[in-house]
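No value in this document is a laboratory result; all are computed from the given coordinates. Keep in mind it's a predicted model, so treat the numbers as computed, not measured. Methodologically, a virtual Cβ is constructed for each residue, glycine included, from the backbone with ideal geometry; neighbour enumeration extends over all protein chains shown.
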Amino acid sequence: MSSPRIAVSGLLRRVDGVDRTGVNAEYVSAVLEAGGMPLVYSPLLGAARAAEALDGCGGLLLTGGADIEPARYAAAPSPALESVEPARDEFEFALLAAARARRMPVFAICRGMQLVNVAAGGTLWQDLPTERPGPVAHRQAAPPATPTHAVRVAPGTRTAEILGTVSLRVNSTHHQAVRVLGAGLLETVWAEDGVVEAVESDDSGEWLVAVQWHPERGSAGAADRALFSAFVAAAAASVQESSPSPR
């Protein structure tokens with residue numbers, strides 16, 4: 001059986017005077033390790049080709065990156081808002097809509113989780129330190145792969161089943177987070193200060209899991225690997241279900 005193709009959302013950046021597009025290698029490595037075949041899609045494809053980009057894929061991985069444009073959730077920009085990428089927003093919102101319409105498994109990380117929430121009608125804290133200060137440093141000073149704070153997991157959820165625990169320590173490199181939860185989503189993991197660290201679909205028939213930390217860096221060990229393994233397994237099952245039956 002061939003590896004399921006995983007659509008991985010990429011970014012577009014100007015580096016040394018040259019426009020470059022791609023994704024952090026850790027996402028690709030994590031999908032490969034879990035048995036998937038990662039295909040990185042650039043925002044240059046545009047929203048009009050987002051659905052076509054998913055043809056032949058079994059799952060969608062929404063990656064981390066820039067802030068979500070506040071206009072997407074009817075908010076004025078905070079003075080602490082950082083860089084936004086409207087073209088990437090447009091492409092990824094279209095990717096997510098197409099994937100959910102197909103009931104394709106979706107795994108979203110950091111910015112990806114925020115995008116999932118906004119797409120469902122939710123809102124964001126634009127900057128935790130200025131809008132929701134608390135005791136947890138969500139943008140850690142330690143190296144990115146270092147677990148720096150504890151989270152608690154809601155038992156009985158898909159997320160808890162995958163992680164295999166109701167508590168763990170994770171890395172944390174974000175300054176935005178879920179404020180008002182979007183429709184059709186469940187909060188499943190929280191930091192000690194109450195910031196939402198994971199959500200999933202409230203429809204048990206839809207495989208949609210989103211986390212605020214960066215499991216591609218492996219800071220939570222087996223739990224992080226389990227997230228990618230479960231996602232790729234769901235993608236493989238999705239491909240098998242959509243394949244025509246042999247005559």
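Do you know the relative contact order of the chain, to the nearest whole percent, from alpha carbon pairs under 8 angstrom that are 6+ apart?
Worked out over the chain, it gives 21 percent.
Considering every Cα-Cα pair within the chain, what fraction, in whole percent, is farther apart than 33 Å?
Looking at the chain, the distances longer than 33 Å represent 12 percent of pairs.
How would you order 134-144, 15-25, 208-218 from highest to lowest mean count of nearby Cβ atoms within 10 Å?
The peptides rank, most packed first, as 208-218, 134-144, 15-25.
How much space per residue, in cubic angstrom, does the convex hull of the C-alpha atoms of the range 20-93 take up?
Residue-normalised Cα hull volume stands at 110 Å³.
Taking amide hydrogens as modeled 1.01 Å from N in the peptide plane, which residues meet the under 5 Å criterion relative to L185, leaving out close sequence neighbours?
Amide H neighbours of L185, under 5 Å, 5+ apart: D202.
If I take all pairs of Cα atoms in the range 122-187, what percentage of them are more than 15 Å from each other?
Here the tail beyond 15 Å accounts for 63 percent of pairs.
Expressed as a fraction of 2.2 N^0.38 Å, the rule-of-thumb size for a compact globular protein of N residues, what is the C-alpha radius of gyration of the range 1-140?
This ratio for the range 1-140 stands at 1.09.
Please list log₁₀ I(q)/I(0) at q = 0.09, 0.17, 0.22 Å⁻¹ for the range 79-193, using the Debye equation with identical point scatterers on the alpha-carbon positions.
Cα-only, vacuum Debye calculation for the range 79-193: -0.27, -1.00, -1.48.
Extent of the range 96-158 along each principal axis, from alpha carbon coordinates, in Å, largest to smallest?
Result, largest extent first: 40, 26, 25 Å.
E69's amide H: which non-local residues (gap 5+, or another chain) put their own amide H closer than 5 Å, with H modeled 1.01 Å from N in plane and none for Pro or chain starts?
Amide H to amide H, under 5 Å and 5 or more residues apart or across chains, E69 pairs with E85.
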